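Following: one structure in structure tokens, then a few remarks.
The values are calculated or read from the model by the stated rules, or taken from the named source; none is laboratory data. What you are looking at is a predicted structure, and each value in this text was computed from that prediction instead of being measured. All Cβ positions, even for glycine, are placed from backbone atoms using ideal geometry, and neighbour counts span all protein chains on display.
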Amino acid sequence: MYQTDPPRPAKEVLPTMYDLPSEDPKEPGLPDQFHLWQPRLLEETFFPPNYPPDQVFVASDLNLYYDPQHTLWYKRPDWFAAVGVSRLYEQQNLRLSYVIWQEGVAPFVAIELLSPGTEKEDLGQTLREINQPPTKWEVYERILRVPYYIVFDRYTDKLQAFQLVADRYSELNLSTPRVWMPGLQLGLGLWQGSYQGIERLWLRWYDAAGNWVPTPLEEKNQRIEQLTTQLRELGINPNEL
């Protein structure tokens, strides 16, 4: 590649998501059912009120390319959200991957759901090997500088939250299993309830009033219940309509 003067922007000369692999069949840790449902619940309740829907991008198990010097290096968060970036790539296409030098916006929050064998890396307890890519923790903390990093162990129901302070992650002392994120005007916490017919503790977003953000289905059912109540108050039996 010829060097120009002045150098051309990375967005113009480096690979785009169309050029980079979007999956690796040899990648260990195939998703289980929890890794399928939990990210979906996070997406269905993630509506930061200070950002319009078309400026919010969320993804699960999507390649996140982070280093313009090593364009094939990537991490694959269980779930992450970026705000202030188009929901569609260049306002028109569904993303194959999230390429930081093309997007220009790092994730605001990254979430890892602990799996057997990944705990140490997810919690920053592994060391970088010589001539190997940085660890997941190093990428989130030092390269992308993701403001909030959340780790949830579904086997012990333990929630851990780390906030970027200066240039390092500091673990938050959670008196209750909830984390408020002022930049999103949303919080993330553990909710005991039934989702997709499965009763357990789930990670879920809540609003400034402390209320759990409803899923689209829950919101629809709430409206039906309200309408049914209004009809009965008017002396109308909704079952006879």
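If we keep just the residues of the stretch 69-98 that are within 17 Å of P134 (Cα to Cα) and outside any loop (DSSP other than H, G, I, E, B), which is nearest to the chain's Cα centre (by Cα)?
Ranking the qualifying residues of the stretch 69-98, first place goes to K75.
Checking the conditions here, which among L159, L184 is assigned to a loop (DSSP other than H, G, I, E, B) and out of contact with any helix residue (DSSP H, G or I) (no Cβ under 8 Å at 6 or more places or on another chain)?
Of L159, L184, the one residue that is assigned to a loop (DSSP other than H, G, I, E, B) and out of contact with any helix residue (DSSP H, G or I) (no Cβ under 8 Å at 6 or more places or on another chain) is L184.
Could you look through the stretch 46-70, keep only residues that are in contact with an Asp or Glu (Cβ under 9 Å, 6 or more places away or on another chain) and more than 18 Å from Y98 (Cβ to Cβ), and pick out the one that is surrounded by the fewest Cβ atoms within 10 Å (Cβ to Cβ)?
Checked the stretch 46-70; the qualifying residue surrounded by the fewest Cβ atoms within 10 Å (Cβ to Cβ) is P49.
R128: more than 29 Å from A10 (Cβ to Cβ) and either in contact with a Cys (Cβ under 9 Å, 6 or more places away or on another chain) or modelled with pLDDT under 95 (or both), yes or no?
No, not satisfied.
Condition test on Y98, is it in contact with a Leu (Cβ under 8 Å, 6 or more places away or on another chain), surrounded by 22 or more Cβ atoms within 10 Å (Cβ to Cβ), touching a residue at least 40 places away in the same chain (Cβ under 8 Å) and under 17 Å from E138 (Cα atoms)?
Considered against the rule, which asks whether it is in contact with a Leu (Cβ under 8 Å, 6 or more places away or on another chain), surrounded by 22 or more Cβ atoms within 10 Å (Cβ to Cβ), touching a residue at least 40 places away in the same chain (Cβ under 8 Å) and under 17 Å from E138 (Cα atoms), Y98 comes out as no.
Of the residues L231, L164, L174, which is assigned to a loop (DSSP other than H, G, I, E, B) and of a type outside the set (S, T, N, Q)?
Of the residues listed, the single one that is assigned to a loop (DSSP other than H, G, I, E, B) and of a type outside the set (S, T, N, Q) is L174.
With respect to S86, is the statement that it is in contact (Cβ under 8 Å) with a residue 12 or more places away in the chain, among the polar types (S, T, N, Q) and closer than 15 Å to P39 by Cβ true?
No, not satisfied.
Of everything in the stretch 170-186, what is under 19 Å from R40 (Cβ atoms) and free of Cβ contacts under 8 Å to residues at least 40 places away in the same chain? Give them in sequence order.
Scanning the stretch 170-186 gives no hits.
Does W205 fit the bill of being outside any strand (DSSP E or B), touching a Ser or Thr at 6+ places or on another chain (Cβ under 9 Å) and either charged (D, E, K, R) or in the same structural domain as P52 (by TED's automatic domain parsing) (or both)?
no
Sort out which residues of the stretch 105-122 are assigned to a loop (DSSP other than H, G, I, E, B), touching a residue at least 60 places away in the same chain (Cβ under 8 Å) and more than 13 Å from F57 (Cα to Cα), and write them in order of number.
If the condition is that a residue be assigned to a loop (DSSP other than H, G, I, E, B), touching a residue at least 60 places away in the same chain (Cβ under 8 Å) and more than 13 Å from F57 (Cα to Cα), then S115, G117, T118 are the ones that fit.
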